[in-house]
Amino acid sequence: MVDYDDRLIDTLSIQLRKRHVRVSKLVRLVRIEKMNGLGEAGGLVRVCLFDRSSKTGRQIVSNVHTIRAKCGRSDWTFTEKRDKNGDGLSFGEFVLRSNYRLSRVNMLIQVSTLEKTANGELQEKSVGLIELPLLDDTGKVLLTNKSYAESLKEVSLFDDLHPGVASSLRKIILKVRDPPREMTHYIDSMPDILIISPLHLSPLFYFRRHAGRVLIRDKNSSFSAELINDLTLAIFPTSCDDADSLDMFAHVWVGTEKALANLNTEDITSQFHQLFSSLCLLTLCRPHMTPFSWLANPQKADKRAKEMKGLASALGAKTTVTTMLLTEKAQPLRPLFFSFDLFGEHTLD
């Protein structure tokens, strides 16, 4: 999300510089054909960059972006906007950025079904995958603007994809294009390697600006305390692990950002920090929040959805933590929650 060599920032104007990369595309999943009843308990599509180079060893070399499919009797589909409940986890578009020079780094898309186990929990089972090359050996971009219809390969992630590998009748239909102009303002300031939903670009953009202010502009010494007292820095990376939490905040933030359209970027960044800090406090005060999981059973998923809806309503109504403490059950806050740990799980590289 953020690392030290990633912070291309003008320390005088505190503007994030544009980062030009070799591949920057907007990909839209249209449908997955001939699934023939698979996915009664749900289906997932996971997207990443995968390096098949023999020198470095086969490995995932980006974040893993997950999309929840809408499983029909024959085809799986995806939404083109948020659904009526404000849920964007089935949104079929994602931005792909890569600055790798290796021709063996491909975009990998894996399709999985969710299946019930004997104890009623869900487990993920791969149906197949496709790989699309990004560059050739000369550095020419191979992921061009067009529609693709690719057959799923019935292999696991680390198997060889030689010509003899069986292709199933199931196909992924997707479209690739350049990001539209209204997105480039955000995308050009993103990390070199990233796969992200367009719905979440704005929160990440303003988080990175806020991180630049706290870690670079406002720090007198790079050798000061390892714990930085900043709630947004401390919690935002963790919230990105919980896809529904980030999605809910992004949904609330869109309306706030529109209302702040006449302010400069610095002031909008401050408003972002205030709103996200409110979300953090409202979340941390609530006891026993149901943990997020893509594999949650329907009962846990419904409970989690209601909790997220309650948080969204509280944010929209500008509920203060004081109000919540007086009207709801709450738990004490630990001071460590307010600090960003430079040596923690989400450490900066």
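The values are calculated or read from the model by the stated rules, or taken from the named source; none is laboratory data. Everything numeric in this text was worked out from a predicted model, so none of it was measured. Using ideal geometry, Cβ is built from the backbone for each residue, glycine included, and neighbour counts are taken over all protein chains shown. Please note that ligands, DNA and RNA were not included when accessible areas were found on the heavy atoms of the full protein model with its side chains. Shrake-Rupley method; radii C 1.70, N 1.55, O 1.52, S 1.80 Å.
Applying both filters, DSSP loop and at most 13 other Cβ atoms within 10 Å, to the GluC sites (Glu not before Pro) of the range 26-117 gives E40, E80. Sorting the segments 261-269, 179-187 by their residues' average number of neighbouring beta-carbon atoms within 10 angstrom, most packed first, yields 179-187, 261-269. In order along the range 100-115, phi translates into HN-Hα couplings of 5, 8, 5, 6, 8, 8, 10, 7, 10, 10, 10, 9, 9, 9, 9, 10 Hz, rounded to whole numbers, per the Karplus curve 6.51 cos²θ - 1.76 cosθ + 1.60 with θ = phi - 60° and x for Gly and Pro. Short to long, the 10 Å bins of the Cα pair-distance histogram for the range 20-116 hold 15, 40, 31, 14, 1 percent of all pairs. Once Rg and the Kirkwood radius are both taken over the C-alpha atoms of the range 233-283, their ratio Rg/Rh works out to 0.98. The gain in end-to-end length when the E124 to Q299 segment is fully stretched comes to 61.2 nm, 0.36 nm per residue minus the alpha carbon separation. Residue order by solvent-accessible surface for H288, H210, H273 is H288, H273, H210, largest first, with ligands and nucleic acids left out and a 1.4 Å probe.
Here the range 62-192 has an Rg and Dmax of 16.7, 52 Å, counting Cα atoms alone.
According to the Cα-based calculation, Rg over Rh for the range 79-149 is 1.10, with Rh computed by the Kirkwood formula. Placing T290, T117 in order of accessible area, with the largest value first and a 1.4 Å probe, yields T117, T290. For the range 299-305, backbone phi angles converted through the Karplus equation (6.51, -1.76, 1.60; θ = phi - 60°) give residue-by-residue couplings of 5, 5, 5, 5, 5, 5, 4 Hz, Gly and Pro being listed as x.
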